[in-house]
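Okay, structure first, notes after.
The values are calculated or read from the model by the stated rules, or taken from the named source; none is laboratory data. Predicted, not measured: the structure shown is a model, and the values here were computed from it. No Cβ is skipped: glycine too gets one built from the backbone with ideal geometry, and neighbour counts run over all protein chains shown.
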Amino acid sequence: MTSFEAVADQLDHLAVEVPSWAYGNSGTRFKVFGSPGTPRTVEEKIADAAAVHRFTGLAPTVALHIPWDLVDDFGKLKAYADDQGVALGTINSNTFQDDDYKLGSLTHADPKIRQKAVDHNLACIDVMDQTGSRDLKIWLADGTNYPGQGDIRARQDWLAEGLRTIYDRLGGDQRMVLEYKFFEPAFYHTDVPDWGTSYAHVSALGPKAFVCLDTGHHAPGTNIEFIVAQLLRLGRLGSFDFNSRFYADDDLIVGAADPFQLFRILVEVVRGGGYGEGSQTALMLDQCHNIEKKIPGQIRSVLNVQEMLTRALLLDTAALDAARTDGDVLLANEIYMDAFYTDVRRDLAGWREQRGLPADPMRAFLASGYQDDIEAARVGGTQAGWN
Ligand code: AOS
Ligand code: ZN
Ligand code: ZN
C-alpha cells in the first residue's frame, strides 16, 4: 500500500469551504433551537468560521448566503474576513424565502416574479464583484406538489432563459454552480431534481457553468460516486456540498452516517482530477448543526474530510490496476478496502504538528476557551438564524 509519507504533501492542497449558515441557529421543521454564543452578525459568523480554520488549517474560505448575510459594505466585510485569516467564498443566492416565490422563482409562471428572481441573482454577482468570490451557487426550491399544477416543460424553458441572463452577467473569472435536489420543499416535481438536469442546463450555458453535487440530495441507494466520476469525466463537477444523511436531506456532519460512502466519493474525486492543483471542483460543507455546538461540529466535519481524503490517496492504484487487468475481483476489492480500513489519525496528528497546527484540533479548540468567550460575550441582540 502507498505510505503516508508518499501522500503527505498532497494533503497541503485540501481546502474545505464552510457555510456561514452553519454557525447560526437551526432546527427541524418543528422548531429552531437557540443556543448560547450564536452569532448575531455576519462578522460573528465569519469569526467562528475563522476559528475552524485556525485550529484545523483546512477551512480558508467561508460561503455567504444572500440575503441572510446582506451587509451595507461588502468591501469592509472582505477586509474583516482578511483580518480574521479567511476569505469570502461562494455566494449562495436565496430565492426561497420571499412570499412571491411560493409557486416558484426562476420557473414561476409570472414573468415579473421570474424577473425578480433573475435580478436577485444579478445582485448576488454584484456582491461577488466586491467580495472577490469566484462562484455563484444557485439552489432553487422550485417545484410543484400536485400533478397538473405546473407546466413542467415550460418551466424548464423559463429556467433556461433566466439562467442565461444570469450567466451572461458573470465576470471573466466568475462561475455559476447549479445545485440539484430530488425533492423538498416540493413533493411532486422539482425543477432541478438531478445531475442530468443540472448538467443539461450548465452545458448549454457555457464553460463557466458547473454542477454542484450536494451529497444529501439523492434518492436512497443512489450510487453517488458514479455521478462524481461521470461529472468529472464531463468536466462539469464544479463543487460539492458535503453533509451526510440517513433518510433525506438530513444535513448531518459529513462522514457521520456513512464513512465508507465518503471514502468512495473521494476515491473518484482523486481519480478524476477533482482534487489538487488545477482542479475545478470546490469542496464545501452544507450542514445545519442542530443539537451539537456549531464550531466543533464544523471542526469534526473538515477533519472527517481530511481523514477520508488521506485514505483515498493511500489507495494503491498501480496494484489495483494490475488486479483489474488480471480480472482478480477479490484482490481488487481487498486493495480498495485496505485503503479504507487504514487508520490515519496518528499520521495526521504528526502532519499537523509539522505544520504548526494542533495535533488534535478538536481538543485544542475545546481547551482554548473560545466557546466560553463567545457564550459570555454574545448576549443581547438577535441571534442569527438559519433563515
Ligand atoms: C438545500 O437543500 C440546499 O442544500 C442548498 O444548498 C441551500 O442553499 C442550503 O442548504 C442553505 O439552506
Ligand atoms: Zn446544499
Ligand atoms: Zn440540501
Problem - Where Glu184 falls short, out of the listed (1) on the phi < 0 side of the Ramachandran plot; (2) in contact (Cβ under 8 Å) with a residue 60 or more places away in the chain; (3) not in a helix (DSSP H, G or I); (4) not hydroxyl-bearing (Ser, Thr, Tyr) - result: (1)
Handout entry: Residue within the range 321-341 that is over 18 Å from the mean Cα position of the chain (by Cα), surrounded by fewer than 18 Cβ atoms within 10 Å (Cβ to Cβ), in a loop (DSSP other than H, G, I, E, B) and in contact (Cβ under 8 Å) with a residue 40 or more places away in the chain present
Key = no
Exercise for the section: Within the range 233-251, identify whether any single residue is at pLDDT 95 or above, of a type in the set (A, V, I, L, M) and within 23 Å of Ala186 (Cα to Cα), and answer yes or no. Expected result: no
Exercise for the section: Please indicate, with yes or no, whether at least one residue in the range 151-174 is outside any helix (DSSP H, G or I), surrounded by 22 or more Cβ atoms within 10 Å (Cβ to Cβ), in contact (Cβ under 8 Å) with a residue 12 or more places away in the chain and under 23 Å from the mean Cα position of the chain (by Cα). Expected result: no
Practice task
Would you check which residues across the range 22-38 are surrounded by fewer than 23 Cβ atoms within 10 Å (Cβ to Cβ) and in contact (Cβ under 8 Å) with a residue 60 or more places away in the chain and list them?
Solution key: Asn25, Ser26, Gly27, Thr28, Val32, Phe33, Gly34, Ser35, Pro36, Gly37
Exercise for the section: Take the residues in the range 157-193 that are more than 14 Å from ligand 1 (Cβ to nearest atom) and in contact with a His (Cβ under 8 Å, 6 or more places away or on another chain), then tell me which one is nearest to Gly89 (Cα to Cα). Expected result: Leu163
Handout entry: Filter pass, Leu315 being buried (at least 19 other Cβ atoms within 10 Å of the Cβ), more than 16 Å from ligand 3 (Cβ to nearest atom) and either more than 23 Å from Lys181 (Cβ to Cβ) or not assigned by TED's automatic domain parsing to the domain that holds Glu17 (or both)
Key = yes
